[in-house]
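The values are calculated or read from the model by the stated rules, or taken from the named source; none is laboratory data. Since the model is a prediction, treat every value here as computed from it, not as a measurement. Quick reminder, even Gly has a Cβ in these numbers, built from the backbone with ideal geometry, and neighbours come from all protein chains shown. All accessible areas refer to the heavy atoms of the entire protein, side chains included, with ligands and DNA or RNA removed. Shrake-Rupley method; radii C 1.70, N 1.55, O 1.52, S 1.80 Å.
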Amino acid sequence: MPARIIDVDFHHRHRVRWCETDASGFVHFANYVRYMEETEYAFLRSRGLSIVMQDQRGTIGFPRVATEFEIQTAAGFDDQLDIWMQVADNDGIKLTFRFEIARGPDVVCLGKFDVACCRFLPGHLPRAILIPDFFLERLPMG
């Protein structure tokens with residue numbers, strides 16, 4: 001296995017299903033975001049966390065404020081993809097997750113999510129808040 005482009009905090013595997021491909025037989029571009037999201041959720045679950053949680057004041061969550069990805073090569077039906085994730089940055093309110101999606105030695109896609117910690121109050125738009133200590137304590141921030 002070649003060296004990763006990103007520093008790795010978590011690894012997830014996904015086998016491409018037929019419904020994830022387009023008419024040419026390649027993974028439809030929107031599914032790369034889904035693969036990154038699936039990996040983010042699995043990572044958080046592995047740490048006893050979620051993107052939507054309750055605390056003593058109500059509901060907090062981590063909506064995306066930015067997403068980007070760059071496809072390097074095509075993947076297709078039944079390919080096994082390795083998705084590598086890194087917690088790359090934390091500014092106290094926003095986290096940046098970086099992703100590398102590979103098929104064997106080939107990098108298929110590179111991407112990132114920026115997520116903001118928000119308080120959700122009924123009848124109001126989400127409001128950015130500091131990331132709670134209980135959440136930060138469970139993240140690998142080197």
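Averaging the sequence gap over all C-alpha pairs within less than 8 Å and six or more residues apart, then dividing by the number of residues, gives the chain a relative contact order of 28 percent. Considering only GLY104, ASN31, SER46, and ranking their Cα positions along the charge dipole of the chain that arises from unit charges at the beta-carbon of Lys, Arg, Asp and Glu, the one farthest toward the positive end is SER46. Need the C-alpha centroid separation for region 107-137 versus region 1-47, integer Å. Each part's Cα centre sits 20 Å from the other's.
Per atom type, region 16-142 shows carbon and sulfur on 53% of its accessible surface, probed at 1.4 Å. Residues whose amide H lies under 5 Å from that of ASP79, counting only those 5 or more places away or on a different chain, are VAL16; hydrogens are built 1.01 Å from N in the peptide plane. Note on LEU130: accessible area is roughly 130 Å² with a 1.4 Å probe, heavy atoms of protein only. ARG64 contributes an accessible area of around 70 Å² to the protein surface, as traced by a 1.4 Å probe with all chains present. Annotation note: chymotrypsin sites (Phe, Trp or Tyr not before Pro) in region 17-80 located in DSSP loop regions with a Cβ neighbour count of at most 15 within 10 Å are PHE29, PHE77.
Here the dipole of the chain is about 440 debye; that uses its Cα centre as origin and unit charges on the Cβ of Lys and Arg (positive) and Asp and Glu (negative).
Mark the label point 7 Å from the Cα of ASP55 along Cα→Cβ and return the residues of region 103-125 whose backbone N is within less than 12 Å of it. The answer is 117-120, whose backbone nitrogens lie closer than 12 Å to the label point.
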